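One structure is given below, encoded as structure tokens.
No value in this document is a laboratory result; all are computed from the given coordinates. Small disclaimer: the values here were computed from a predicted structure and weren't measured. So basically every Cβ, Gly included, is an ideal-geometry build from the backbone, and we count neighbours across all protein chains shown.
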Amino acid sequence: MHELKFKRYYVRWKTEPDPITGYLQIKGWEVCDQKKFDKIALASFAENEEDKADAVCKLMNSIEEENHGLSK
């Protein structure tokens with residue numbers, strides 16, 4: 001049986017409406033902790049730094065797995 005592993009940390013985008021069109025635009029990225037109730041964003045990155053946010057997220061999840069004895 002395949003066990004589902006839920007990751008504690010995830011990346012979400014930050015958006016703002018465009019002042020001219022009103023459409024949402026991505027303005028940045030945040031690494032978030034799903035175990036927190038308030039102030040879940042741990043780190044913020046610029047809109048062109050999605051790869052950095054992903055890398056930090058993967059690192060945080062690897063550390064979490066290592067600390068709790070889960071296999072990688």
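Numerical summary
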{"read-out": "Sequence-separation-based contact order of the range 9-67, relative, with Cα cut under 8 Å and 6+ spacing, percent", "value": "31 percent"}
{"read-out": "Those aspartates and glutamates that a straight Cα-Cα span of less than 14 Å connects to LYS27, excepting residues fewer than 8 apart in one chain", "value": "GLU16, ASP18, GLU47, GLU49, GLU50"}
{"read-out": "Two-site label geometry, GLU65 and LYS27: point separation in nm, points 7 Å out along Cα→Cβ", "value": "3.4 nm"}
{"read-out": "Within the chain, longest stretch free of exposed chymotrypsin sites (Phe, Trp or Tyr not before Pro) [DSSP loop, at most 14 other beta carbons within 10 Å]", "value": "38-72"}
{"read-out": "Helix-only [θ]222 nm of the chain, DSSP H runs n ≥ 4, -39500 (n - 2.57) each, per residue, nearest 500", "value": "-8500 deg cm²/dmol"}
{"read-out": "Local electrostatic count at GLN25 - Lys and Arg +1, Asp and Glu -1, tallied over other residues with Cβ under 11 Å", "value": "-1"}
{"read-out": "As computed over the chain, the Cα convex hull volume per residue (Å³)", "value": "127 Å³"}
